[in-house]
Structure formats: C-alpha cells, structure tokens
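Student: I have a structure here, written as structure tokens, and I will follow up with some questions on it.
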Amino acid sequence: MSQPPKPSATADPGLSPDKRLAFAYLRGRDRPAVAALFAVDAAMADVLRTTSEPMVGQIRLAWWRERLEALDSGEAPPPEPRLLAVRHELLPRGVKGRDLARLERGWMSLFDPFPWDAGTAEAIWFRGRQLFAVAAQMLGSTDDAIEGAGGIWALVDAARHCSDAASRDMLLAQARTFGGALAGARFPTALRPLSMLAAMAVRDTRRPQPFEREGAPGRAAVMFLHRATGRFPS
C-alpha cells in the first residue's frame, strides 16, 4: 500500500502569474473546475519539489494515482482538499478520476536520471496533452490542436524548472519542433485561456536564457494579443 503525500502548507497551490492572467478569461462557471484540475497537476509537482529520494517520490505519486482512480468507483476520498475539489468540481462534469491519474506518468518521468532523453520528453508531452484535453472537455470544446499546445506548454514548463542544462536544451528543442507544427493555428475563444499558456511557452523557446520572469510586461502584452486573435505564433 502506498503512503499518503506529506501535507502541504496550504490547500491552495496558488497560480503562477501566467496562469492567473490566462484564467481570468475563463467563464465564471468554468473557473473553479479548471482551478481544481490544475491543482491536481500542482499537487504532483509538489511531490517533485519536496522529495529528494526518487523511490519515495514514486510512492507519493502512486498515492495520488490510486486515490484518483478510486474516485471512479464511488469511494469517498480522504480529506485532502484537492481530491475533494475533484469530486465536487470535476466528476459532475464527466471527468473521470482515471483521466487525471494519467498525469502521473509525466511527473514520474522527472525522477529519471540526468541527462533526460526522448522517452522523458515523450512522457512530459503526454502529460501536457492530457491536462489540456481534460480542460478543453470541461470548456465544451474538443480540438486536437489544443492537446498539442498542452504538450508544448508542458515541455517548456519542465524546462523552466530543470537544473540540468543538457536536459533543458533537449526539452526546448522538442518544444520548438512541435511548435512549428502548430504555427498559425487559430484557437476558438473558449480555449484561449489554455492556448495563451502555450503561446508563452513558444515565446520562451525563442528567447535567450535565463527564462523571462512570468508576469513581465512584454509577456502580458503577447498574452493579450493572443487572447484577441487566437493565432498561435508562427
């Protein structure tokens, strides 16, 4: 039996400046559900951030996977605020616990030893596609391009937090390749709170490191432009 994760200092994982701005454009009725979805992703990120031993981290991630999958059988979740939010906000919208449990694969891969390879990048890409696919489902729109945008965002998100230069460069190169395939795509209005994040990820692949601070004025301006046009960077 896997062990529960260490308690967080707060039940609210918080939002990065990019997410805070993007999610401000969600319809009010959708905001709690999308926040609950990204809180699960953030909970798995917490495991990476607070675990120094890979085996312990894998056990903690497995706890999340098992608890999420158990929601599909009607089992009451433990009193973990993010799991309770899934039950109250996501399950009534048709999201399955197993859909969220699939995010574990992408986070588990980050315990791979450096330098990371294409297999690690593939798992990260899958995590982003899955996250954005579930969000798009809740927003009432299905779009293959938004899943690809999620993969790009996840690759750059991992690169922004990666301490190994070779692995970071590999993730950014992968994101550039996938970003080229979506160049010029136009996203529907309902999905732009998600595609705004991917547009920022593409911006990060084209700028020299160190990475631009989230919330920087130029960053916000590009997000506003994408919100107005829906056009993916070409």
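The values are calculated or read from the model by the stated rules, or taken from the named source; none is laboratory data. Keep in mind it's a predicted model, so treat the numbers as computed, not measured. Note that we place each Cβ from the backbone using ideal geometry, even for glycine, and neighbour counts take in every protein chain shown. Surface areas here come from the heavy atoms of the whole protein model, side chains and all, with no ligands, DNA or RNA. Shrake-Rupley method; radii C 1.70, N 1.55, O 1.52, S 1.80 Å.
Student: Out of the residues in the range 35-91 that are of a type in the set (Gly, Ala, Ser) and closer than 14 Å to GLU104 by Cβ, which is surrounded by the most Cβ atoms within 10 Å (Cβ to Cβ)?
Tutor: The selected residue is ALA43.
Student: Next question. Hey, can you tell me all the residues within the range 94-112 that are of a type outside the set (Asp, Glu) and buried (at least 17 other Cβ atoms within 10 Å of the Cβ)? First the steps, then the outcome.
Tutor: Of the residues in the range 94-112, the ones of a type outside the set (Asp, Glu) are 94-98, 100-103, 105-111.
Across the range 94-112, the qualifying residues are VAL95, GLY97, LEU100, ALA101, ARG102, LEU103, GLY106, TRP107, MET108, SER109, LEU110, PHE111.
Student: Right, here's the next one. Can you tell me which residues in the range 113-154 are open to solvent by less than 10 Å² (accessible area, probe 1.4 Å) and free of Cβ contacts under 8 Å to residues at least 24 places away in the same chain?
Tutor: ALA123 - this is the single residue of the range 113-154 that is open to solvent by less than 10 Å² (accessible area, probe 1.4 Å) and free of Cβ contacts under 8 Å to residues at least 24 places away in the same chain.
Student: For the range 173-203, give me each residue that is more than 16 Å from the chain's Cα centre (by Cα) and of a type outside the set (Gly, Ala, Ser).
Tutor: GLN174, ARG176, THR177, PHE178, LEU182, ARG186, PHE187, PRO188, THR189, ARG203, listed by residue number.
Student: Same structure, new question: Using beta carbons and a limit of 8 Å, which pairs, at least six apart or on different chains, have the first residue in the range 75-92 and in contact (Cβ under 8 Å) with a residue 40 or more places away in the chain and on the phi > 0 side of the Ramachandran plot and the second one open to solvent by 50 Å² or more (accessible area, probe 1.4 Å) and not hydroxyl-bearing (Ser, Thr, Tyr)?
Tutor: Pairs that qualify, where the first residue is in contact (Cβ under 8 Å) with a residue 40 or more places away in the chain and on the phi > 0 side of the Ramachandran plot and the partner is open to solvent by 50 Å² or more (accessible area, probe 1.4 Å) and not hydroxyl-bearing (Ser, Thr, Tyr): there are none.
Student: Of all helices (runs of 4 or more DSSP H) completely enclosed by the range 158-234, which ones contain at least 2 residues that are within 15 Å of LYS19 (Cβ to Cβ) and out of contact with any strand residue (DSSP E or B) (no Cβ under 7 Å at 6 or more places or on another chain)?
Tutor: Details: elements: 165-181, 192-206, 217-229.
Passing ranges, in order: 192-206, 217-229.
Student: Something else about it: Of everything in the range 30-52, what is at pLDDT 95 or above and more than 22 Å from ALA154 (Cβ to Cβ)? Give them in sequence order.
Tutor: Selection gives PRO32 alone.
Student: Here's a follow-up. Could you tell me which residue of the range 140-150 is nearest to TRP64 (Cα to Cα), considering only residues that are in a helix (DSSP H, G or I) and of a type in the set (Gly, Ala, Ser)?
Tutor: In the first step, residues of the range 140-150 are kept if they are in a helix (DSSP H, G or I); the result is 144-150.
Still in the running and of a type in the set (Gly, Ala, Ser): 145, 148-150.
Details: ALA145: 28, GLY148: 25, ALA149: 25, GLY150: 21 Å.
Checking each candidate, the answer is GLY150.
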